[in-house]
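**Student:** Attaching a single structure in structure tokens format; questions to follow.
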Amino acid sequence: MPLKHKTSAFLNVFLVVVLVIVFGYFAYSLYTAPQQLVERIPVATESVQEMRLEQLPKLDEKYASKTISYYDPDYGYRIRYPVGYSIQLEPAFTIRLRIAAFYPPFSSEIMDLRILRPDELTPQLIRASATSEGVVLTEYEQRGRKLYMTTIENDELAVDGQTIFVREAFYECPSYWIVFTAAISEPLAPDLELADYMISTLECG
């Protein structure tokens, strides 16, 4: 009997240790999962950066003569936008600038620029926001500053069966962030290239 009692006590201690180890493992996994997920987000490799640098002169040749330079007198940034597009300063809350074109009955393009303070946005938040399925994040250097770009194909925003493509860019300026968002309907999907060109023209003040 005493031996059996000692064996039971030993088993109880052993089980408690095992449970502590298992619980600790799952707690650690839950704690580190978001960071591990962020670390798995695809970012631009050196070859992707080089491909973009090779592409930009072609985009400039194609679109420079068809675009106009816009300068924001308050923030000092610059961006080029297409001739014939409407431009509106502060059309809605949080939106600093809206560049848009409408093609009846339902096709449209809208490019919005927002200005955020450095404490409102960080590279970590950008990477964390790109963990959703179907979102691709790439990171570049543009004029010596960080540029983060995401591409989203959003079926939930479909209008009359048209998928909406979203191109988003986060450009880090010395005292603020520029957030560029282009929402382009399916028939105008080739204009994603135009959005890329507009992003490439972003310049801090």
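**Student:** For region 43-200, with only Lys/Arg (+1) and Asp/Glu (-1) charged at the beta-carbon, what is the dipole magnitude about the Cα centre, in debye rounded to 20?
**Tutor:** For this selection, approximately 560 debye.
**Student:** Working from the pairwise distances between different alpha carbons, so that the mean of 1/r is found and then inverted, what is region 55-205's Kirkwood radius in Å?
**Tutor:** Evaluated over region 55-205, this radius sits at 15.9 Å.
**Student:** Does a label point 7 Å from the Cα of Lys62, set along Cα-to-beta-carbon, have any residues of region 170-205 with amide nitrogen under 12 Å, and which are they?
**Tutor:** Flagged as within label range: 190-198.
Every number here is computed from the coordinates shown, using simple stated rules; none is lab data. As the structure is a prediction and not an experimental result, all values here were calculated from the model. Neighbour counts run over all protein chains shown; Cβ positions are idealised from the backbone, glycine included.
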